[in-house]
Amino acid sequence: MPSASQTIPIFPRPAGMMLRPLPLAPLSAALSMLARRVVTRHPGLLRRLGAHDRARFLIDPTDLPLVLCLEPRGGQVRVTAHRQAPRADVRIAGPLAALLGLVHGAYDGDALFFSRDLVIEGDTAAALALRNAIDDAELDLAEELTALPPVLAGALRRAIALAERRTGVALTRVAEGPAW
Amino acid sequence: MVMETVCPAGTPAALRAAVEAGAHSIYCGFADETNARNFPGLNFSREEMAAGVAFAHARGAKVLVAINTYPRAGAAPLWHRAVADAEASGADAVILADPGLLAHAAEHHPGLRRHLSVQAAAANADVINFYADSFGVKRVVLPRVLSVPEIAAINAETDVETEVFVFGGLCVMAEGRCSLSSYATGLSPNMHGVCSPASHVDYAEEGGELAARLGGYTIHRVGKGEPAPYPTLCKGCFTSQGATGHVFEDPVSLNAEQLIPQLAKAGVTALKIEGRQRSRAYVAQVVRNFRAAVDALAAGRPMPEGMLARLSEGQAGTTGAYRKTWR
């Protein structure tokens, strides 16, 4: 596991600027589809969220010109992309690499919080439930992309490959272990 | 003989990570108030516990189930079921604190090994021997307030195995009896399993500072770039008699990896790593580090240099009471 802030890459500003004109509606649709796929394949996610599965999570990659609103809605998951932060129950903010590293088990959430690379504001219990649910699910977002329609999956794969090259962040799950 | 590493798992994924990283034993709990890490999104269902035990056993590791809170009057069946379900899952031991629950386990589950939780705050040989004689306790997890010579003195006067914390969150209170968090939140670490529950924690960026609150009380304010602490009352920054500082204890984590040879000489059987609330990434790294350390000790090699500071609260470590005299 990489140690925290010295090694957390920041998404390059010019690359971030290139994302600015990205149309939000298709991006939201693709991300919602991906999220629904993830929840279907990992039902433990919703179970671990428990009472927080109705919360609105604002995911704020601080080095990107957009934010994401994640709403589990008891299984009818929706993800929407925004240029301005909408109202939410909790805001989880940090560099894109840190957020993806959390999902992929490359970073420890508490260590990122101690080092101030990760900021939590609002409903701390909801943030904790989401963190623990995702950590247990052992997600690999690149693998989940296979569920999307080929055109979308291809576009997202290219975007991820670009991000991986530019930022150096591991965009696939680390520390593989045998599953039950 | 290699000292036993007893490693935390808050989720099945963390359990697998601990086993793969070389843990000899993993401790974990059910997803309810029967264990002292009853946090959102954490812990094991009955099915997950049975699968976790099977996974660990298949790889030569043990699973110890923490049922280490104190049953509330009238609600004891929840705790009794947890002990029965731990046994049914094939667990190697249960970690208990409450004398009533220990008596219940000894009477109804005599074949299930019983460890005494740190929540029992058993800090001398007399009380440890009492738990052994009365309830057949085979191992005690010692409180984090003892020096190495004090641990050696205890081991000289008891046949009960001792397990000591070597890494992670540092609690210096009389564990199992501390009510600081209860005063601020109305929820008890000892009966609900939540110290500084997340439901009562609030972080806010205010004027360039990070304010951390528990139950509405501001526990810390730290400037930009300073390490962020948990808002636990015992590690809060307070003004008292004109002086401002950490009145009870500094917001740092225990790291006793360099003391492992001394702990072995003091007769300690097992080394415990705190952190069931931490990620599988943390578990894997810390377990790997401590397994290398105990293997080095058994082989007569020097202790490897640690690289765990950044994982620690306050990003700073202490050897705690093992080398310290209290102010």
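Which helices, taking whole DSSP H runs in chain A, have alpha carbons extending 24 angstrom or more along the helix axis plus mean Kyte-Doolittle at least -1.0? List each step's numbers first, then the result.
On the way: long enough: A:24-41 (25 Å, 0.85); A:150-167 (25 Å, 0.27).
Answer set is A:24-41, A:150-167.
Label-to-label distance, A:Arg13 versus B:Asn124, with points set 7 angstrom from Cα along the beta-carbon direction: 6.5 nm. Go through region B:1-73 and name the trypsin sites (Lys or Arg not before Pro) that are in a DSSP coil and have 16 or fewer other Cβ atoms within 10 Å of their Cβ. Answer in residue order: B:Arg59, B:Arg72. Our estimate of slack between B:Arg81 and B:Ser240, defined as 0.36 nm per intervening residue step minus the Cα-Cα distance, is 52.7 nm. Using Cβ point charges alone (K and R +1, D and E -1), the dipole size of region A:5-166 about the Cα centre works out to roughly 640 debye.
Using just the helices of the protein assembly as shown, give the 222 nm mean residue ellipticity in deg cm²/dmol: DSSP H runs with n ≥ 4 each add -39,500 (n - 2.57), and the total is spread over all residues, rounded to 500.
-10500 deg cm²/dmol
Looking at the square roots a ≥ b ≥ c of the eigenvalues of the Cα gyration tensor of the protein assembly as shown, which shape do they give, rounded for a/c under 1.5, prolate if a/b is larger than b/c, or oblate? Don't jump to the answer; show the numbers that get you there.
On the way: a/c = 1.74, a/b = 1.57, b/c = 1.11.
Cα axes put the protein assembly as shown in the prolate bin.
Taking label positions 7 Å along the Cα-Cβ direction at both A:Ala85 and B:Asp295, the computed distance is 4.5 nm, reported to one decimal.
Solvent exposure of chain B, expressed per residue, is 38 Å² of accessible area, with all protein chains present and a 1.4 angstrom probe. For the pair A and B, the buried accessible area comes to roughly 3400 Å² in total, with a 1.4 Å probe and the value rounded to the nearest 100.
With an 8 Å cut-off on Cα pairs and a minimum separation of 6 or more residues, tell me the relative contact order of region B:180-246 in percent. Don't jump to the answer; show the numbers that get you there.
Details: 103 pairs, mean separation 14.9, N = 67.
Normalised by residue count, the contact order of region B:180-246 is 22 percent.
Residues of region A:121-161 that lose at least 40 Å² of accessible area (1.4 Å probe, protein heavy atoms only) when the other protein chains are present, relative to their chain alone, are A:Glu121, A:Thr124, A:Ala125, A:Leu128, A:Asn132, A:Asp135, A:Asp136, A:Glu138. In region B:1-33, burial by the other protein chains removes 50 Å² or more of 1.4 Å probe accessible surface, compared with the chain on its own, from B:Arg16. The mean accessible area for residues of region A:5-166, using a 1.4 Å probe and ignoring ligands and nucleic acids, is 44 Å² per residue.
Which of rounded, prolate or oblate describes region B:180-246 when judged by the alpha-carbon gyration tensor and an a/c cut-off of 1.5? Note, shape of region B:180-246 comes out oblate. Taking Cβ atoms as reference points and 11 Å as the exclusive limit, the residues near B:Asn129 contribute a net charge of -4, counting Lys and Arg as +1 and Asp and Glu as -1.
Accessible area of the protein assembly as shown with a 1.4 Å probe: how many percent of it is carbon plus sulfur? Intermediate values should be presented prior to the final figure.
On the way: 11480 of 20490 Å².
Ligands and nucleic acids excluded, carbon and sulfur reach 56 percent.
Figure legend: label point modelled 7 angstrom from the Cα of B:Ala88 along Cα→Cβ; residues of region B:10-54 with amide N under 20 Å from it are B:12, B:28-35, B:43-54.
With the simple model of a label 7 Å out from the Cα in the direction of the Cβ, B:Val247 to B:Glu205 spans 3.1 nm. In this calculation the C-beta distance from B:Ala106 to B:Lys224 is compared with R0 = 51 Å, giving a FRET efficiency of 0.40. Quick check on chain B: take the gyration tensor over C-alpha atoms, sort the square-rooted eigenvalues as a ≥ b ≥ c, and tell me if it's rounded (a/c under 1.5), prolate or oblate. The shape class here is rounded.
On the basis of the beta-carbon distance and an R0 of 41 Å, B:Arg177 and A:Arg157 show a calculated FRET efficiency of 0.15. The heavy atoms of B:Phe165 offer some 10 square angstrom of accessible surface to a 1.4 angstrom probe.
Only sites in a loop by DSSP and with at most 13 other Cβ atoms within 10 Å count here; which trypsin sites (Lys or Arg not before Pro) in region A:1-105 make the cut?
On the way: sites: A:Arg36, A:Arg37, A:Arg41, A:Arg47, A:Arg48, A:Arg54, A:Arg56, A:Arg73, A:Arg78, A:Arg83, A:Arg87, A:Arg91; in loops: A:Arg56, A:Arg83, A:Arg87.
Filter output for region A:1-105: A:Arg83, A:Arg87.
Start at zero, step by 10 Å, and the Cα-Cα distances of region A:5-166 spread as 10, 41, 41, 8, 0 percent across the bins.
The values are calculated or read from the model by the stated rules, or taken from the named source; none is laboratory data. All figures in this text were calculated on a predicted structure; none of them were measured in a lab. Neighbour counts are summed over all protein chains in view; Cβ atoms, including those assigned to glycine, are modelled from backbone coordinates with ideal geometry. Accessible surface areas use protein heavy atoms only, side chains included; no ligands, DNA or RNA. Shrake-Rupley method; radii C 1.70, N 1.55, O 1.52, S 1.80 Å.
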